[in-house]
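As structure tokens, the structure follows; a few thoughts come after it.
The values are calculated or read from the model by the stated rules, or taken from the named source; none is laboratory data. Predicted model, so just to flag it, every value in this text is computed and none were measured. All Cβ positions, glycine included, derive from the backbone under ideal geometry; neighbour counts span all protein chains shown.
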Amino acid sequence: MNVTLRTATSAEVSELIRRGEATIGLRYHRDPSPDLDCELLFSERLQVVCAPDHRRAGRRVKRLADLRGERWIAFPLVPGRPEITASHVFALFQTHGFGEVAWTPVDSLTAQKRLVEAGLGIALLSQSNAADELKSAALQTIAVGDLTASQDVVAVTRRGGFLSAASRRLLDIFRARFRGTARRMANGE
């Protein structure tokens, strides 16, 4: 079996599957296109991250409202790109009954993390996207008592497309691996 790995945005993953350039893709959120099958593998918890010297680093706030005055770093609003955009952050604030927040659009996850590390804002990131920086203490979290946010991670294949035995086996491996990931995340590991 020949496995090739490529990184791409969620929208690009769907396009690779559609064009037949990839057999299986992993992306955030379901793609509603009728020509694709999306299988939920797990929902990854989102967390607020900040610079280590931020006044709330490693602390807990009761409500998301306590972070209303912060500058947020988020992906710009791009149609068809379901990564954690500013609209996601805005929607959380609106859900909690608040208006707009100050934010800076940054279209690179790496750049977002470096700007947050430099103290130029805070961000809402998935656990996996911030894992290395949290482990090395380059980033810290701010626990938010009333915030429950996550994003779905799904496997994508072409609807009715052929999956070889090796492809089916790889999907089974993903399912088993991500079930374990979901359990560890639920337990706060």
Selection from segment 41-59 of residues surrounded by 12 or more Cβ atoms within 10 Å (Cβ to Cβ) and of a type in the set (D, E, K, R) yields Glu44, Arg45, Arg56, Arg59
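Residues are listed down the side, and each one gets a yes or a no for (1) within 28 Å of Phe178 (Cβ to Cβ); (2) free of Cβ contacts under 8 Å to residues at least 60 places away in the same chain:
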site: Arg19; (1), (2): yes, yes
site: Arg27; (1), (2): yes, no
site: Asp31; (1), (2): yes, no
site: Glu39; (1), (2): yes, no
site: Ser43; (1), (2): yes, no
site: Ala57; (1), (2): no, no
site: Pro76; (1), (2): no, yes
For segment 29-40, the count of residues that are at pLDDT below 95 and buried (at least 19 other Cβ atoms within 10 Å of the Cβ) equals 1
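Within segment 60-140, considering only strands (runs of 3 or more DSSP E) that don't extend past its boundaries, which have at least 2 residues that are modelled with pLDDT under 90 and either surrounded by 14 or more Cβ atoms within 10 Å (Cβ to Cβ) or in the same structural domain as Ser33 (by TED's automatic domain parsing) (or both)? I'd like the intermediate steps shown before the answer.
Numbers: elements: 71-74, 102-105, 122-126.
Hits in segment 60-140: 102-105.
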